[in-house]
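Colleague: Below you will find the structure I want to go over with you.
The values are calculated or read from the model by the stated rules, or taken from the named source; none is laboratory data. Predicted model only: the values in this text are computed from it and were never measured. Using ideal geometry, Cβ is built from the backbone for each residue, glycine included, and neighbour counts are taken over all protein chains shown. Calculation scope for accessible area: heavy atoms of the full protein, side chains included, ligands and nucleic acids excluded. Shrake-Rupley method; radii C 1.70, N 1.55, O 1.52, S 1.80 Å.
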Amino acid sequence: MAEDELCARCWNCAWEIDSRDRFCRQCGQGQGAWIPWYYRPLALVLLAFTVLGPFALPLVWRTPYLGRAAKWVASIGLVVVTGYVGWRLTVTLGELGDVLTGL
Ligand SMILES: [Zn+2]
């Protein structure tokens, strides 16, 4: 019976936990439905494209919802989008500077 209860592992620290535990007894991370909302894929996309931008990368790498390949794809996508936005911002600011100095 005791072995049945200790059949799960924490996604964060790999500590053995009771399969009915809502939080890890070692690191305190939520398990199953109690995993923090900001690790969910839709929340990651929302955060990356609204407030966090490239600073969402640590969340992408820590989320238990994505496999290794998906984390790489999401990271490369985020870096590419960030680079594109940075490049467009640089070009736009350059044009704005040309317009302002031309006046
Ligand atoms: Zn843990």
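Colleague: I'd like to verify a number: residues in region 13-67 that are in a loop (DSSP other than H, G, I, E, B) and open to solvent by less than 80 Å² (accessible area, probe 1.4 Å), how many?
Modeller: Number satisfying all stated conditions: 17.
Colleague: Against the condition touching a residue at least 24 places away in the same chain (Cβ under 8 Å) and in a helix (DSSP H, G or I), how does VAL79 come out, does it pass?
Modeller: yes
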